[in-house]
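Accompanying notes for the structure given below.
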Amino acid sequence: MGRRVCPSKRGTRNAKLFQRMTWFNTFAVLLVTYLVVFFQATFNELRHFAGVQVDLLPSLVVYTALNGSLLALCLVAGLGGLWIDALSANPLGVTLLPLFVAGLLIHRSREFILRDQPYAQMMLGLSASAAVPVITLIILLNLDAHPLVGWFSLWQWIVVSAVGACATPAWFAFFDWIERVLNYRPVPEGGYRPDREVKRGRT
Amino acid sequence: MLRRKQLIALGVMILVTVILLKLPTRTRTNLKLAIGGFFIPLYGAAGSTEQLLNSASYATLPRAELVRQIDELLQTNQVLQMRFMLAEEWRKENERLRQQLGLPRQYQRPMKIARVVARDPANWWRSLKIDRGSRDGITNNAPVLAVHGLVGRVSEVGYAESQVVLLGDPDCRVSVLIADEHNREQGIIAPSSSSPSDDALVDLGFISRNSKLTAGQTVVTSGQGGIFPPGIVVGQIADFRTVGFGLYKEARVSLAVKMNTLEEVWVMMP
């Protein structure tokens, strides 16, 4: 009879196995989230050119959901949602839930996702960037708000989804680079052991 | 299936969302402005960087170009002084005639300049943030103008920043009239139904079917509604059509102010 492992312990072990983000990464993602929200409110070139403002938060949520803990996901979705609503005419809290739900769906099945593949990252970024505005819009319409929605929204939705898809692999590359450059990395132990040293020569 | 921790997190998030959405409007607005306050240091940094870049570009501007610009400004200044003198005469005459007719005196409301620091990151609203708040005497619903005409109204006031809803936003409807000698028809400015993505166009609705509309007619605020004083330029009629089975007319108005290039605005004080 093999030793039985408690399911909850197995879950914890799996979660830790798939969790690559340290506190440093979580802090870096939160800082980038803050800057991204500010960028979205102040960078208007694409809005003037194509009539669309991009939304990079869903792609950040995808990155966190695939690499971080549940707490990191809560922080990124929660603070990102609150920050974006604070700068927008959205009712406060309306973006929080869509971001979290998109992240949670990815987080729960990340063990089955080839998350190192750029194609998978792009597809997840596309799905999240497409889903978040739709869920937000549904909540807004249920709140009796009257957002500017029409046929042109389809164009905005396509552009936002496409930009989100392209941004997701870029976030992976960016945060990998940040970690390589700034984070502490322990030097791997070599095969040399002083107690096994062969002393040559006469003693 | 979601694990226990994930279910708890989802529950907490739903609870937080519901609480935030069900907060009283005043509390929600204050909370929103407090969270928005996180970005004030970045606005300051962005403003300083812009100033630094501007001063760097001034340093590289050739002297001949500066002299040419000064000459141009001197000429413009003279023209404006002449116009100001004439306007002052008309103002006095207007006041005198009002006094003779027994009409109430018109007061010029003071204005305060504000810098646009951010725009709405969501695609379905038209609003922007300015760097003036209650500490500068800004109040809710204060009209916001630019040099060429009306921009919108203040919708939320924080201590050091405010949110402005622009013309064309569903929350900014303005009662206007056509400033024409033969046609003083009134209507309501609403978001454009045909091209909502175009922030240079809005709809002018509820105009009677017998109204004589022509493209190019100027549209100004009517003063009804109590928020916007009368006579502020909104835009010009671009085209019009009959709607509601011929019952009334609807026009598209090209806004006088280019909303996407706004950098500074004027807030009308109470």
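Find the residue count for the stretch A:72-93, including only residues that are open to solvent by 20 Å² or more (accessible area, probe 1.4 Å) and either at the interface with chain B (Cβ under 8 Å from one of its Cβ atoms) or touching a Lys or Arg at 6+ places or on another chain (Cβ under 9 Å) (or both).
Matching residues across the stretch A:72-93 total 5.
Would you confirm whether any residue within the stretch B:108-117 is of a type in the set (A, V, I, L, M) and farther than 30 Å from B:Gly152 by Cβ?
Initially, the stretch B:108-117 is screened for residues of a type in the set (A, V, I, L, M), giving B:111, B:113-114, B:116-117.
In the following step, the residues that additionally are farther than 30 Å from B:Gly152 by Cβ were identified as none.
Looking for residues that are of a type in the set (A, V, I, L, M) and farther than 30 Å from B:Gly152 by Cβ, one finds none in the stretch B:108-117, hence no.
Output yes when any residue across the stretch A:97-116 is among the acidic types (Asp, Glu) and under 23 Å from B:Ser155 (Cα atoms), and no when none is. Let's see the steps before the verdict.
As a first pass, look at the stretch A:97-116 and keep what is among the acidic types (Asp, Glu): A:111, A:116.
Narrowing the set further to residues that are under 23 Å from B:Ser155 (Cα atoms) leaves none.
No, the stretch A:97-116 contains no residue that is among the acidic types (Asp, Glu) and under 23 Å from B:Ser155 (Cα atoms).
Kindly provide the set of residues from the stretch B:142-156 that are assigned to a strand (DSSP E or B) and in contact (Cβ under 8 Å) with a residue 60 or more places away in the chain, ordered by number.
B:Pro143, B:Val144, B:Leu145, B:Ala146, B:Gly149, B:Leu150, B:Val151, B:Arg153, B:Val154, B:Glu156
Mind listing whichever residues of the stretch B:126-165 are open to solvent by less than 10 Å² (accessible area, probe 1.4 Å) and within 10 Å of the chain's Cα centre (by Cα)?
B:Ser127, B:Leu128, B:Ala142, B:Pro143, B:Val144, B:Gly149, B:Leu150, B:Val151, B:Gly152, B:Val154, B:Val164, B:Val165 - these are the residues of the stretch B:126-165 that are open to solvent by less than 10 Å² (accessible area, probe 1.4 Å) and within 10 Å of the chain's Cα centre (by Cα).
Checking A:Pro133 against (1) facing another protein chain (nearest Cβ under 10 Å); (2) open to solvent by 70 Å² or more (accessible area, probe 1.4 Å); (3) not β-branched (Val, Ile, Thr): exactly one of these is not met. Which one?
(2)
For B:Asp180, which of the numbered conditions (1) in contact (Cβ under 8 Å) with a residue 40 or more places away in the chain; (2) part of a loop (DSSP other than H, G, I, E, B); (3) open to solvent by less than 60 Å² (accessible area, probe 1.4 Å); (4) charged (D, E, K, R) fails to hold?
(1)
What are the pairs, 6+ residues apart or on separate chains, where a residue within the stretch A:37-62 that is at the interface with chain B (Cβ under 7 Å from one of its Cβ atoms) and at negative phi has its Cβ under 8 Å from a residue that is assigned to a loop (DSSP other than H, G, I, E, B) and among the acidic types (Asp, Glu)?
Correct list of pairs: A:Gln40/A:Asp55; A:Ala41/B:Asp120; A:Gln53/B:Asp120.
Go over the candidates B:Glu95, B:Glu65, B:Glu72, B:Glu88 one by one and state the one that is out of contact with any Pro (no Cβ under 9 Å at 6 or more places or on another chain), charged (D, E, K, R) and surrounded by 11 or more Cβ atoms within 10 Å (Cβ to Cβ).
Details: B:Glu65 fails: surrounded by 11 or more Cβ atoms within 10 Å (Cβ to Cβ); B:Glu72 fails: surrounded by 11 or more Cβ atoms within 10 Å (Cβ to Cβ); B:Glu88 fails: surrounded by 11 or more Cβ atoms within 10 Å (Cβ to Cβ).
Result of the check over B:Glu95, B:Glu65, B:Glu72, B:Glu88: B:Glu95.
Looking at B:Leu20 and the list (1) touching a residue at least 40 places away in the same chain (Cβ under 8 Å); (2) within 15 Å of A:Leu79 (Cα to Cα), which single condition is not satisfied?
(1) is the only condition that B:Leu20 fails.
Taking the stretch A:96-119, which residues are at the interface with another protein chain (Cβ under 8 Å from one of its Cβ atoms) and either crowded, with 24+ Cβ neighbours inside 10 Å or in contact (Cβ under 8 Å) with a residue 40 or more places away in the chain (or both)?
Correct list: A:Leu96, A:Leu97, A:Phe100, A:His107.
For the stretch B:140-168, give me each residue that is out of contact with any strand residue (DSSP E or B) (no Cβ under 6 Å at 6 or more places or on another chain) and within 11 Å of chain A (Cβ to nearest Cβ).
So in the stretch B:140-168, the residues out of contact with any strand residue (DSSP E or B) (no Cβ under 6 Å at 6 or more places or on another chain) come out as B:147-148, B:157-160.
Answer for the stretch B:140-168, where residues must be out of contact with any strand residue (DSSP E or B) (no Cβ under 6 Å at 6 or more places or on another chain) and within 11 Å of chain A (Cβ to nearest Cβ): just B:Gly158.
Go through the stretch B:8-30 and count every residue that is surrounded by 13 or more Cβ atoms within 10 Å (Cβ to Cβ) and either under 30 Å from A:Phe112 (Cα atoms) or out of contact with any Leu (no Cβ under 6 Å at 6 or more places or on another chain) (or both).
Going through the stretch B:8-30 one residue at a time, the tally reaches 11.
Suppose we filter B:Asp198, B:Asp180 for residues that are within 12 Å of chain A (Cβ to nearest Cβ) and among the charged types (D, E, K, R); which single one remains?
When all the criteria are applied, what remains is B:Asp198.
The values are calculated or read from the model by the stated rules, or taken from the named source; none is laboratory data. Since we're looking at a predicted model, the values are computed, not measured. Note: ideal-geometry Cβ built from the backbone for every residue, glycine included; neighbour counts use all protein chains shown. Just so you know, the surface numbers come from the protein's heavy atoms only, side chains and all, with ligands and any DNA or RNA stripped out. Shrake-Rupley method; radii C 1.70, N 1.55, O 1.52, S 1.80 Å.
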